[in-house]
Structure formats: structure tokens, C-alpha cells
Amino acid sequence: MKTSTTQFKVIVDFMERYGDLSKSQNGLQGRLESIKKWQMLTNSLNKDPTGDRRSIEKWKKVWSDFKNNTKRKRTKILKYAGLPEHLRPKLALNDLENRVLNIVDQGAPPVDDKTGVGVEIQYMDTVPQEETTAPTVQFISTEQNSQTFHAESMSDGNNSDYFTSSDESSDRSSDESIETDEQRLSSPRSRHVNNHRPVFQRSRKSKGSPAGPSRVDPFEASDNRWRKLFSELTSEHIRLRKRELRQQERWHALFERCVDCMEKFINK
């Protein structure tokens, strides 16, 4: 199927009037309006006798291919713009292609009449910017505050109060450190470590002095219980296995008797 030049002009004229319809529209109203415009464009294109008739989706494909081909051609022109004249390909954008680039916001480069090659010119708007001073943030450390506070207190004649408070704070900190050490030593973990530390001494004392009630170790008692339970389970498993073997022997004997009976019956 072939698209005529007249149909391409109709498409470009319509897009210049209503904008690029291939762009996504926001909202339901915008989508409905885009569908109506595509229907209008399709009707006008199908009425043109110089070209073929197509559906809306196929006309969308024609417009998309036309845009992409024009962009590729412009990129190729800019790519070879720096080469010597005898090495440049003879490419130039026609009026219809320049209009397409203007529609898709690409901006067509002006064409040099001598070389026929597009030259890209970049326009830079210089906008004076007001000098903005960033707010300065002052960071005051607590160490400086404490030092100035101590200096002021000493300059006012409160030296004795300052040293008294420092002595009291040091005494309080030493008392707190002693209390924390005592709590650490009295914790269950520390007691466990301390109890396990003099193992050999405790064993010597127990051997040397047999007097006194013997204390049962909970770990040893638990180990004994588990051993006893394991032996009971093992004996129960052996008993059940022996019972299964006896039942298998009985079934085997019964099966042999059945086979003998069948053989006797067949031999008769």
C-alpha cells in the first residue's frame, strides 16, 4: 500500500493545527478528543483519491514511521556536517520534513544553500540570576559551652563551689563504678564463671573432707534421666521387633500349609 504526497501533506497540516496526536493524553476527556481527531483525519485521508485507504491504526503507523525516518535523516545530516564537502552525502531536508520536525519539537536546522547540509545552531538565553546568599549555620560545640561556663564560674569567684561539685561528681562516679562492678559480679553469668573457676580446689576439698551432705548436680541428674529413657525406648523397640518377627513366622507357616493343601487338591 502506497501513501501519496498529498496525503502526507494532509497529515502534516492536520498535526500543525491540532498538535501531535501520537502523544499520550492525560485524562479520559483528552483520550476521547484524540480518538475523535484521529477519526476526522482518517476520513479526510481516505477521501483523497491519489492514495490508498487505511484504518485508523494503520494511519497512526504511517505517521509514526514518517516521524522516525525524518529524525534519522536529520541525525545523519548532523553526523556528516563536519566532514569535507566531497565526503558529505548529498542529503537535505525538504519543507515537509522541516515541518514534521517542528511538530515533534525537534527543531529543524537551517539548510545551507551551497552545501545542502543542515547546520545546527544552538540558541542560549542568558538570564541574569540574582545572587542568593546561602544562610550560614553556626555550629557551637558543647565542649566550648562547658569551658566558657567553667571560666565564667571561676571568674565570678565560685572556685570553691566548682571544685567541690567536681569532687562530689568524681566520688559519685567512683561509687557508681563500684556498684556496677558488684552487680556484674553478682549476675548469674558471673556466678556461673566464678563457680566453675576453682574446679580443682573444690574437688580436693570434697576428697579431703567427706563430711557434709552430698549435693546432686542437676546436669548429671538430667543426663541420667535421658539415659534411662533411651534404654527404655531401645528395649521397647526390640520387643516390638521380636513380636513382628514372630507374626511373620506364623504367616509364613500358614502360607506353606495353604500351598500344601492346594497341591494335594490338584494332585487328586
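Points to keep in mind about this one:
- Cβ-Cβ under 9 Å pairs, at least 6 apart or on other chains, region 41-67 side under 16 Å from Tyr18 (Cβ atoms), far side aliphatic (A, V, I, L, M) and part of a loop (DSSP other than H, G, I, E, B): Leu41/Leu21; Lys60/Leu21; Trp63/Leu21; Lys67/Val104
Table: residues versus (1) of a type in the set (D, E, K, R); (2) under 45 Å from the mean Cα position of the chain (by Cα); (3) on the phi > 0 side of the Ramachandran plot; (4) not assigned by TED's automatic domain parsing to the domain that holds Lys67.
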| residue | (1), (2), (3), (4) |
| --- | --- |
| Val10 | no, no, no, no |
| Met15 | no, yes, no, no |
| Tyr18 | no, yes, no, no |
| Ser22 | no, yes, no, no |
| Leu28 | no, yes, no, no |
| Lys36 | yes, yes, no, no |
| Thr42 | no, no, no, no |
| Leu45 | no, no, no, no |
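The values are calculated or read from the model by the stated rules, or taken from the named source; none is laboratory data. Computed from a prediction, not measured in an experiment: that's the story for all the values here. Neighbour counts are summed over all protein chains in view; Cβ atoms, including those assigned to glycine, are modelled from backbone coordinates with ideal geometry.
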